[in-house]
Structures are given as structure tokens and as C-alpha cells.
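Notes to accompany the following structure.
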Amino acid sequence: MDVFRVERDDDGVALVRFDHPPVNALGYDVYEALSLLLDELESDDAVRVLVFASAHDRIFVSGADIKDMPHYDRRRGATARKVDTVHATFLRLQRFGKPTVAAICGHALGGGCELALCFDFRYMAEGPARIGLPEIGLGIVPGGGGTQRLARLVGRAAATELLMLGRRLSAGEAAAIGLVHEACPDAAATEARALQVARELAQQAPVALRLIKRALNDGVDGDLVRGLAVEREAVIEALATRDAREGAAAFLEKRPPRFTGQ
């Protein structure tokens, strides 16, 4: 897929722009393309830092396309394969051997938020854009590691509120709880800040950076893989419910969902 545009500079920074109109939705083909791109950039010695941004100001990454949900194969095997693909791709991004920086301009909800959680640094533009994991409103469970990475990043109390109530945060609110490192005035300032930090990182010792990142991943997130297995089972069970079908239908019909607990 030709959805990732890569701009390399002389400082060792690779700026990747995600361009998958109309809403930068994620899917099997995107996950495969991202994994291949990560392999390419990790093996390129001229690249020291990865910056990720959207080619569209209104949307960072939208995650799954809700219009497709009524047509999902909800059998356990099919759902498990989807979750495994997302988990593997996002884990690959988190464990990328070089520093990563996200410039979040536009909404980052659901899978977009989960993708952002995999980056080492996150900067977000102020304005109408929101970030969060609102899957509860669809009667489903975040399936890209959100239940695990969010709690590790912002603490259990804040994560519980965001996950169980489906809160959508502004850039300032996200910065206040540590979900993003900094709220920037607008899209241009956000990208400029992300590139500034990336160039600072590119001046640091590459081996030491890689070892620090590995220590953080293996230490602070030592039980992440086990946690992802727990999330996997929750996603499979939730997606098979009638409430999950009702949540998607209500969203598409622009009405409040009528959940029955089935």
C-alpha cells in the first residue's frame, strides 16, 4: 500500500505521513504496510529517529471503520486473528529500535489513540481534536492494547475513567494526565515541536537510546504481553455480544444505543 509517505532529512529524522483517505482507517493491509515500513527504517542506519504524522489535519488515525462492523465475522477464530494482527503490529511499533515521536493533529480515537500510545513521545495540537478510547459506547473493548498501555501510562484511576466512560480528551486535558507530553497551539506548531525533539534525539548516542528504550519496555512493561492476552479474550467475548451489534447500529443510525446485556 502506498499510504505512508516518508521524508528523510540530513539530521537522521524520518518523517512518516499517513495518508489513507477519507479517515485514515486501519486495516489488515495498513498493518502489513506499517510492519514492512518499520523493518525498512530500522535497518536504515541513516535513520536515527522516526516521526509519525497524518497527512490530514482533522484526523490523526481513526482506527477501525465502524461502517464495516455490521459485516464483521464475529466467530472466535476470525476475531482472534484480527486482534492478533493489531497486537503484533503495535507491539512491533512500541519495540522499534529507535526513538519514535507522534505529532497528533486531528482526532485520535479508538485505534488512533492505541497507535499513539506505542510512541515514545506524543505531541498533540489544541483545537477541536480529541483523543481517547470510546469503544464502550459501541459495546466493545479496545483491541489494540489500549486497556494495557493506557493504564501503564496514566495510572489506573485515570485509565478506568477513560475506558469505562469513554471520555474524549482535548490536547490540554490529555497533557494534564500525561497521555501526551505537550499540547501545542496548532498543527504547524505540533509538527515543529515533534521535529525539534526528534532532532535532539538524533544527536544522542544511538546504542544508549536503544538500550534505554529496551529497559523501559522490558522493565516498566514487563507483563505487557500477558496483559495483551487478557485483553484479547475480552475483545473476542465482547464482539460476539448482541450489544456490540447494537452499538455499531446505533452509531451508524445516529441514535443512543439500547444495551441489554446480551
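The values are calculated or read from the model by the stated rules, or taken from the named source; none is laboratory data. Keep in mind the model is a prediction, meaning the values are calculated, not measured. No Cβ is skipped: glycine too gets one built from the backbone with ideal geometry, and neighbour counts run over all protein chains shown. Accessible surface is based on the protein model in full, side chains and every heavy atom, while ligands, DNA and RNA are left aside. Shrake-Rupley method; radii C 1.70, N 1.55, O 1.52, S 1.80 Å.
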Legend entry - Every pair of residues 6+ apart whose Cβ atoms lie under 7 Å, when the first sits in the stretch 244-262 and is closer than 14 Å to Asp68 by Cα while the second is surrounded by 10 or more Cβ atoms within 10 Å (Cβ to Cβ) and of a type in the set (Phe, Trp, Tyr): Glu246/Phe259
Legend entry - First in the stretch 146-158 and on the phi < 0 side of the Ramachandran plot, second anywhere and small (Gly, Ala, Ser), Cβ under 6 Å, 6 or more apart: Gln148/Gly227; Leu150/Ala159; Ala151/Ala159; Val154/Gly178
Legend entry - All positions within the stretch 5-17 that are under 22 Å from Gly106 (Cβ atoms) and either modelled with pLDDT under 95 or open to solvent by less than 30 Å² (accessible area, probe 1.4 Å) (or both): Val13, Ala14, Leu15, Val16
Inset, instruction - Only residues in the stretch 160-180 that are of a type in the set (D, E, K, R) count as the first member; pair them with residues that are assigned to a strand (DSSP E or B), Cβ under 6 angstrom, at least 6 apart or cross-chain, and list the lot. - result: Arg167/Gly132; Arg168/Gly132
Inset, instruction - Among what's in the stretch 18-72 and is open to solvent by 20 Å² or more (accessible area, probe 1.4 Å) and β-branched (Val, Ile, Thr), pick the residue that is nearest to Cys113 (Cα to Cα). - result: Ile59
Legend entry - Index of the failed condition, Ala103 passing every other in (1) without any contact (Cβ under 8 Å) to a residue 12 or more places away in the chain; (2) in contact with a helix residue (DSSP H, G or I) (Cβ under 6 Å, 6 or more places away or on another chain): (1)
Legend entry - Matching residues, the stretch 73-96, being under 18 Å from the mean Cα position of the chain (by Cα) and open to solvent by 10 Å² or more (accessible area, probe 1.4 Å): Lys82, Asp84, Thr85, Val86, His87, Ala88, Leu91, Arg92, Gln94, Arg95
Legend entry - All helices (runs of 4 or more DSSP H) inside the stretch 197-262 with 2 or more residues being under 27 Å from Ala14 (Cβ atoms) and in contact with a strand residue (DSSP E or B) (Cβ under 8 Å, 6 or more places away or on another chain): none
Legend entry - the stretch 139-166, subset outside any helix (DSSP H, G or I) and surrounded by fewer than 17 Cβ atoms within 10 Å (Cβ to Cβ), residue farthest from the chain's Cα centre (by Cα): Gly155
